[in-house]
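So the structure is just underneath, and the comments pick up after that.
The values are calculated or read from the model by the stated rules, or taken from the named source; none is laboratory data. The structure displayed is predicted, hence computed values, not measured ones. Note that each Cβ is placed from the backbone with ideal geometry, even for glycine, and that neighbours are counted across all protein chains shown.
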Amino acid sequence: MREKPSLAKLKHLLIDMDGVLWRGNVPMPGLLDFFTLLREQSIGFVLVTNNASRTSDSYRNRLASYGIETSAQEVLTSAQATARYLAERAKRGTPVFVIGEEGLQRAITERGFRLVAADDQPNYVVVGWDRHLTYDKLAQATLYINAGATFIGTNPDRTWPGEQGLLPGAGAILAAVEAATGILPTIIGKPSPLMLKIAMRRMNAQPETTAMLGDRLETDILAGKNAGALTILVLSGVTKRADLVQPCCEPDFVFDDISALSRELQSDGSAEIG
């Protein structure tokens, strides 16, 4: 029987960003105080995002604009996690076909992989969010996978919140390639535990003293559970209290926002679900 969860033993945090640290272009109240508290309490953290289109430096620069300094090891995108996953399985110079934007392409090339041209059979096809998607890219990915290339997806998010509303995300592109090939990709980002396990290895963290902090039940919370970590949901993003009815994604802790979490961390850390 699992021991009753407690934040008193918390040593490491895996932190989603959008909906947790900011909403759109607006930082959450108490953002700077939250990170100051983590430093004071020596709680290690890695910021983990399914967004594979942006570089980790762009996130660090955004945090710096809010007065929060972070190291390169404290930010992990699904693009970086995907490149790390490939590096553990293939040699430098291995040809890879990428559907994705700068963040994904740079992460792949920085690991020493070669982005292929249209006339070169790759070992891997890696698919992420791509606002410049074309039929030719989908056709090439389909041909390569049918010829034996391993199919990798950065993340399964079917939508992303644009100014006009919900728009197609990486998962929608994956769905097109799946339909054309009949092959399911290996997913690296949340809710797969792969990215979180990479982040925990960075911190030398153990699941029982680590928590995943996020605002989405079906990605953040499920990923934390899949990785064996504690889970903390904040209601400042996508999920609202009325949504807490999914038994597979029930978080260990629920707070209104990071300010409420900060207050709990300053107390005895004995919060319960609710």
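The table that follows gives values for the structure above.
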item: Of all residues in the range 110-156 being β-branched (Val, Ile, Thr) and in a loop (DSSP other than H, G, I, E, B), the one that is farthest from residue 56 (Cα to Cα); result: 134
item: Breaking point among (1) surrounded by 12 or more Cβ atoms within 10 Å (Cβ to Cβ); (2) out of contact with any Ser or Thr (no Cβ under 7 Å at 6 or more places or on another chain); (3) farther than 20 Å from residue 194 by Cβ, for residue 84; result: (3)
item: Hits in the range 36-57 (condition: over 19 Å from the mean Cα position of the chain (by Cα) and at negative phi); result: 36, 37, 38, 39, 40, 41, 43
item: Residue 67 being under 21 Å from residue 15 (Cβ atoms), assigned to a loop (DSSP other than H, G, I, E, B) and not charged (D, E, K, R); result: yes
item: Any hit, the range 79-91, residues being under 20 Å from residue 263 (Cβ atoms) and modelled with pLDDT of 95 or more; result: no
item: Output for the range 157-208, where each listed residue is in a helix (DSSP H, G or I), of a type outside the set (Asp, Glu) and farther than 17 Å from residue 74 by Cα; result: 170, 171, 172, 173, 174, 175, 176, 177, 179, 180, 181, 207
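Let's see how each residue does on (1) of a type in the set (S, T, N, Q); (2) surrounded by 21 or more Cβ atoms within 10 Å (Cβ to Cβ); (3) not assigned by TED's automatic domain parsing to the domain that holds residue 253:
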| residue | (1), (2), (3) |
| --- | --- |
| 13 | no, yes, no |
| 16 | no, yes, no |
| 25 | yes, no, no |
| 29 | no, no, no |
| 36 | yes, no, no |
